[in-house]
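Step one of this worksheet: look at the structure below.
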Amino acid sequence: MSGSPSTPLSPREIAIIDKICSKLGLKPEEYEEIVQRLGRHPKKAELGMFGVMWSEHCCYKNSRPLLKQFPTTGDRILVGPGENAGVVDLGDGLQLAFKIESHNHPSAIEPFQGAATGVGGILRDIFTMGARPIALLNSLRFGSLADTRTRRIFTGVVEGIAHYGNCVGVPTVGGEVYFDNAYTGNPLVNVMALGLMETPEIVKSGAAGIGNPVLYVGSTTGRDGMGGASFASSELTNKSMDDRPAVQVGDPFLEKSLIEACLEAFKTDAVVAAQDMGAAGITCSTSEMAAKGGVGIELDLDLIPAREYGMTPYEYLLSESQERMLFVAHQGREKELIDIFQRWGLHAVVAGTVIEEPIVRILYENQIAAEIPAAALADNTPIYHRELLTEPPEYAAQAWEWSTQSLPPCTDTGIEIAGTLHSWSDILLQLLDTPTIGSKRWVYRQYDHQVQNNTVILPGAADATVIRLRPVEEVTLTDGADSSTNDKQQTTNNQQPKAIAATVDCNSRYVYLDPYEGAKTVVAEAARNLSCVGAEPLAVTDNLNFGSPEKPVGYWQLASACQGIAEACREMGTPVTGGNVSLYNETLDAEGNPQPIYPTPVIGMVGSVPDFTKTCTQGWQAAGDLIYLLGLPITTSTPQVSLGGSEYLATIHSLVTGKPPIVNFDLERRLQAVTRESICQGWVHSAHDCAEGGLAIALAESSIAGKLGAQINLGVTSESLEIRWDELLFGESASRILVSVNPEQQASWESYLNEQLEGYWQQLGMVTGEKGDLLVLTGDNLPIIEVKMSQMYDHWQNAIARRLRV
């Protein structure tokens, strides 16, 4: 199978090629391209290498042209796309590494290990840069909890995230969880990690120094995770359970040792370059390190520590066994590094050499098992420039024609649905009971979110998480592998109140209905969530979860969303430092019909907090505090406030239609700047973004979080209201923040608002006593919503738990 292109292949060889190409997702024309590049038919191991490296998961062959429009530079950006993680400058010598990645398909097949190894993989991206992991967040999506399989996947994913994060000692501090039938067969598991740089220099991945040794470090190599990159680049089918071997198996305790060993090794200055063995394992690490450095790597598989007997070169090269790394070391300093890893109970061997010829040469049993130009695997990969629809697809055009006139009439007393009158209090409680809006305590109580003792704002308490930064000025490690003992001596600057805020966000219904405008809304909301805790948005990492780009509608969704993200990031001054693309998120039913997910571009964003003592949570803080709505007034109608794509429309009317709200970026920037300054000045006691469920849900969530009631007067009557009551109460929008303010600060606060946000603020009411009611009145003091705290809390707190008892 390695003769010249003109050499005829035997029927057996053709059958082997077809089987491997089919397994790896290589198209016939891609195989022909491989033959042309090599000048011969590839060996089996080489074909496997091309298969995984030319998968969408590794080479972004459908998305790379679209990603080029993202802004990637800025005053704070130290490392942008192309390395294992992005790095931003926080000032005062502090540098933050962060990134988000997906583990969707593995989690659909083996929820526990799929999610667990997703955590392990993103942590390796962080500490490979020389940063100590300090926090994890996750963005999760599942089908309906009424479905037995969905409940199994959901509980398994949460358990896997908890297991790995808790054992490795990195707090899981925030995230989001959505439930929708669009994800029934294809859950999304996106994990974001943050790390604080500990090494003097940022560790890069480009190999350098002809003759320098290449070290394999970490765990052993087995047959687990075979071809995981290709598996992640294909649709899920009824036969996908047969691909369980493509799901990796993780060991968080070994990863903890790997973290400490790597950080210690980096500080010796003996490491030239480092690369995590993630997707595509040895194949990816060797080819990417060689290509980035403009050199070659020769690696001997006979020297690789193996956990199974009789492994072939194909298996070695495609294995995605976890907790493994590849180093290039300075010549003559190999033993120094090997001793460090052995002291931590890890494998470390010299398995190869940096060579001048820019190829990846793989040896096995004194033979050349593979020899491929590094650029052909890592850089010069296929790129598909697909034709973009000139008009929106039919589903979107029909959705945009929808209007609220098709809904049943409503009054200040409620809305009649199928012959039954539902009060607005009933509607509020029903929305609080949906798993998407309800409490996520069932999820995050399984996570250790306070390990490392730096979590300032706990999960569920605010729109974003806040992590205290404790820079390590000096670290001395003595013999022994337990960093939690007194063997590790560190001096920290306890006088510095700096912190970092982080969030992950995406309203996929918005993006489904209008990918361009919906994606802009996602970026704006992520920045708004950071501003609600007092943080200045800095930079973005994105995880683009979409269906097949080979279908015109799928590519239109992807391309339009990328355009929206690019524009919004420029508007908000938040460059993109890297991320992940996960395509082919589709489930094929028994008849072979594809069922794509909603387009879900998850935005992970980080922000700077100058003083963690001046932050804000979403719950009311004190009875008597005044409640204000900043941003769009409550009577604003479409296009900035809309029932299109809303949780109300989906839950109450079973409709996913309409146009989602549109962002006014000038107002958005002003609103967020005012919120941040008001928190810093101490005027604002609580701040909460109005998101899913609109104003009414935001009021209820602030009441529940603070365990205090509220009395609100909307200032409009049925006669004066120019929009529907459900639009006012449950319409969703960008550019709205609900805040509470100490009445003693009212004069200075309102004076500031008139200067900075004139026409875009209004006082709504005040916070009432402990465990009080939520009372919402019309302008003529008629109650439109009146619910007890105990009612709200019960519906909200048990929204997920009660559905798991089925």
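Computed quantities for the displayed model
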{"quantity": "Complete set of residues in segment 311-362 that are at pLDDT below 95 and of a type in the set (Gly, Ala, Ser)", "calculated": "SER319, SER321"}
{"quantity": "Residues satisfying the stated conditions in segment 642-678, i.e. open to solvent by 20 Å² or more (accessible area, probe 1.4 Å), under 17 Å from SER508 (Cβ atoms) and outside any loop (DSSP other than H, G, I, E, B)", "calculated": "ALA650, THR651"}
{"quantity": "Checklist (1) over 23 Å from GLY645 (Cα atoms); (2) without any contact (Cβ under 8 Å) to a residue 60 or more places away in the chain applied to GLU391, failing item", "calculated": "(1)"}
{"quantity": "Of all residues making up segment 404-426, the number that are open to solvent by 50 Å² or more (accessible area, probe 1.4 Å) and assigned to a loop (DSSP other than H, G, I, E, B)", "calculated": "4"}
{"quantity": "Residue match in segment 70-89 (condition: within 30 Å of GLU198 (Cα to Cα), free of Cβ contacts under 8 Å to residues at least 40 places away in the same chain and surrounded by 14 or more Cβ atoms within 10 Å (Cβ to Cβ))", "calculated": "yes"}
{"quantity": "Cβ pairs under 7 Å, 6+ apart, first in segment 721-739 and closer than 11 Å to TYR648 by Cβ and open to solvent by less than 10 Å² (accessible area, probe 1.4 Å), second in a helix (DSSP H, G or I) and of a type in the set (Ser, Thr, Tyr)", "calculated": "ASP726/TYR648; PHE730/TYR648"}
{"quantity": "Evaluation of ALA397 against (1) open to solvent by 50 Å² or more (accessible area, probe 1.4 Å); (2) under 30 Å from GLY644 (Cβ atoms); (3) not basic (Lys, Arg) (one fails), failing number", "calculated": "(1)"}
{"quantity": "Any hit, segment 316-329, residues being in contact (Cβ under 8 Å) with a residue 60 or more places away in the chain, in contact with a strand residue (DSSP E or B) (Cβ under 6 Å, 6 or more places away or on another chain) and surrounded by fewer than 20 Cβ atoms within 10 Å (Cβ to Cβ)", "calculated": "no"}
{"quantity": "Some residue of segment 134-151 being among the aliphatic types (A, V, I, L, M) and within 17 Å of LEU263 (Cβ to Cβ)", "calculated": "yes"}
{"quantity": "Enumerated strands (runs of 3 or more DSSP E) restricted to segment 701-801, each holding at least 1 residues that are hydroxyl-bearing (Ser, Thr, Tyr)", "calculated": "736-741, 761-770"}
{"quantity": "Residues of segment 102-118 that turn out to be closer than 27 Å to LEU469 by Cβ and surrounded by fewer than 24 Cβ atoms within 10 Å (Cβ to Cβ), as a count", "calculated": "0"}
{"quantity": "Those residues of segment 175-190 which are within 13 Å of ALA108 (Cβ to Cβ), hydroxyl-bearing (Ser, Thr, Tyr) and either open to solvent by 10 Å² or more (accessible area, probe 1.4 Å) or part of a loop (DSSP other than H, G, I, E, B) (or both), in sequence order", "calculated": "THR184"}
{"quantity": "Of all residues making up segment 121-155, the number that are open to solvent by 10 Å² or more (accessible area, probe 1.4 Å) and in a strand (DSSP E or B)", "calculated": "2"}
{"quantity": "Subset tally (residues that are open to solvent by 10 Å² or more (accessible area, probe 1.4 Å), in a helix (DSSP H, G or I) and either farther than 22 Å from GLU255 by Cα or at pLDDT 95 or above (or both)) for segment 269-287", "calculated": "0"}
{"quantity": "Criterion violated by PRO639 - all others in (1) surrounded by fewer than 23 Cβ atoms within 10 Å (Cβ to Cβ); (2) in contact with a Phe, Trp or Tyr (Cβ under 9 Å, 6 or more places away or on another chain); (3) not small (Gly, Ala, Ser) satisfied", "calculated": "(2)"}
{"quantity": "Residue match in segment 432-446 (condition: in contact (Cβ under 8 Å) with a residue 40 or more places away in the chain and either over 22 Å from GLU692 (Cβ atoms) or part of a strand (DSSP E or B) (or both))", "calculated": "yes"}
{"quantity": "Which listed residue, of GLU571, GLU567, GLU591, is at negative phi, charged (D, E, K, R) and in a loop (DSSP other than H, G, I, E, B)", "calculated": "GLU591"}
{"quantity": "Candidates ALA397, ALA348, ALA370, ALA375 - the one that is farther than 30 Å from ALA705 by Cα, in a helix (DSSP H, G or I) and touching a residue at least 24 places away in the same chain (Cβ under 8 Å)", "calculated": "ALA375"}
{"quantity": "Residues of segment 5-41 satisfying the condition of being out of contact with any helix residue (DSSP H, G or I) (no Cβ under 9 Å at 6 or more places or on another chain), modelled with pLDDT under 80, outside any helix (DSSP H, G or I) and open to solvent by less than 70 Å² (accessible area, probe 1.4 Å)", "calculated": "THR7, SER10"}
{"quantity": "Residue among ALA116, ALA108 that is touching a His at 6+ places or on another chain (Cβ under 7 Å) and either at negative phi or basic (Lys, Arg) (or both)", "calculated": "ALA116"}
{"quantity": "Cross-chain or 6+ apart pairs with Cβ under 7 Å, segment 268-282 first and closer than 16 Å to MET129 by Cβ, then aromatic (Phe, Trp, Tyr) and at pLDDT 95 or above", "calculated": "VAL271/PHE327; ALA274/PHE327"}
{"quantity": "Number of the condition not met by ILE210 [criteria: (1) among the hydrophobic types (A, V, I, L, M, F, W, C); (2) surrounded by 21 or more Cβ atoms within 10 Å (Cβ to Cβ); (3) touching a Ser or Thr at 6+ places or on another chain (Cβ under 9 Å)]", "calculated": "(2)"}
{"quantity": "Segment 679-696, subset surrounded by fewer than 23 Cβ atoms within 10 Å (Cβ to Cβ) and assigned to a helix (DSSP H, G or I), residue nearest to the chain's Cα centre (by Cα)", "calculated": "CYS680"}
{"quantity": "Qualifying positions in segment 699-720 - among the aliphatic types (A, V, I, L, M) and open to solvent by 40 Å² or more (accessible area, probe 1.4 Å)", "calculated": "ALA705"}
{"quantity": "Unmet criterion (only one of (1) surrounded by fewer than 16 Cβ atoms within 10 Å (Cβ to Cβ); (2) under 25 Å from GLN113 (Cβ atoms); (3) in contact (Cβ under 8 Å) with a residue 60 or more places away in the chain) for GLY310", "calculated": "(3)"}
{"quantity": "THR172 among the hydroxyl-bearing types (Ser, Thr, Tyr), at pLDDT 95 or above, open to solvent by less than 10 Å² (accessible area, probe 1.4 Å) and more than 18 Å from the chain's Cα centre (by Cα)", "calculated": "no"}
{"quantity": "Where a residue in segment 109-128 is more than 13 Å from GLY160 (Cβ to Cβ) and its partner, wherever it lies, is aliphatic (A, V, I, L, M) and assigned to a helix (DSSP H, G or I), with Cβ under 6 Å and at least six apart", "calculated": "PHE127/ILE259"}
{"quantity": "Residue within segment 450-470 that is hydroxyl-bearing (Ser, Thr, Tyr) and at pLDDT 95 or above present", "calculated": "yes"}
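The values are calculated or read from the model by the stated rules, or taken from the named source; none is laboratory data. Remember, predicted model here, so these are calculated numbers, not experimental data. Neighbour counts run over all protein chains shown; Cβ positions are idealised from the backbone, glycine included. Heavy atoms of the whole protein, side chains included, go into the accessibility calculation; ligands, DNA and RNA do not. Shrake-Rupley method; radii C 1.70, N 1.55, O 1.52, S 1.80 Å.
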